[in-house]
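Below is one structure, written out as structure tokens; comments come after it.
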Amino acid sequence: MSSPFARSAAPAEHVERALCVLAHPDDVDFGSAGTVASWTAAGTHVTYCIVTDGDAGGFDETPREEMPRLRKAEQRAAAAAVGVSDVRFLGHPDGRLELTLDLRRDISRVIRQVRPQRVLTSSPERFWDRIGASHPDHMVVGESTLRAVYPDARNPFAFPELLDDEGLEAWTVPEVWLTASPRADHAVDVTEVVDRKFAALRSHVTQVSHLVDLEQFVTGWMRQVARTHGLPDGRLAEAFHVVHTA
């Protein structure tokens, strides 16, 4: 007999608003741009919250002081390619993120502003089979976002200044999708929107212009994800660990 407390991993079929909270410009595009494209095509309003400006990224001689401006512009262009126009940057230091109350408050603020029924963020667990996905900033943002979802954003007495000074009422997020998770239990078939994902990735010129086989590599990875999750041969997928939080 199954436990009365067992929860299905199946997500809601459709939500009105979704919020993606990731550490760096391009994080959402490598792992989730196809999924986001499918959401916006279905009428979901998606907001991006990027915790850093990506100032520690890049692979060429671009002056460091130029990198934040360039990467913000790249992320906005990438977002537009998948139907997202609301892109917000928190301005925390790239490569130096830590679990702090300030970061939890800043993410809680955006959750209360957007009032999403779904939040997408990075997994706070290290993915030993794909270590590159477990950048310390990714793990910090994942853990901080989960703490913001529960309990901060839903608790009117947490960060009372958000309500008292900014009028942001508490908001409960029912569902969180974790990218790059060792516990992935849900795959999204993105075969029909993969061109939009690649357009988003190509927008990140400072990060991918040196990768001559970018699309081949990403296609191979998505094909393997689809195979792992039982999709038919030739399909492409992105995978997530879906957590029900309400």
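A few comments on the model shown:
- Distance cut-off 23 Å, percentage of C-alpha pairs in the chain lying past it: 49
- Most mobile listed residue (206, 145, 62) in the chain, GNM with C-alpha springs under 10 Å: 62
- Residues whose placed amide H lies under 5 Å from that of residue 88, excluding near-sequence neighbours: 48, 49, 50
- For the stretch 144-246, with +1 on Lys and Arg beta carbons and -1 on Asp and Glu, the positive-most of 243, 229, 190 along the dipole: 229
- Estimated inter-spin distance, residue 128 and residue 115, nm [label 7 Å along Cα→Cβ]: 4.4
- DSSP H segments from the chain that extend 15 Å or more along their own axis, Cα-based, with Kyte-Doolittle mean of -0.5 or above: 27-41, 101-114, 136-147, 214-228
- For the stretch 30-45 versus the stretch 155-230, the inter-centroid distance based on Cα atoms is 9 Å.
- Most mobile of 214, 97, 22 in a GNM of the chain (Cα contacts under 10 Å): 214
- Semi-axes of the equivalent ellipsoid for the stretch 147-246, Cα gyration tensor, largest first, Å: 36, 19, 10
- Exposure proxy for 59, 30: other Cβ atoms within 10 Å of each Cβ, ordered fewest to most, give 59, 30.
- With each label modelled as a point 7 angstrom along the Cα→C-beta vector, the residue 88-residue 14 pair spans 2.5 nm.
- Cβ crowding within 10 Å, taken as a proxy for footprinting-reagent exposure, orders 99, 162 from fewest neighbours to most as 99, 162.
Where a number appears in this text, it was derived from the coordinates with a stated rule and is not lab data. Fair warning: this is a prediction, and the values are worked out from it, not measured in the lab. Positions of Cβ are generated from backbone atoms using ideal geometry, with glycine treated the same way; all protein chains shown enter the neighbour counts.
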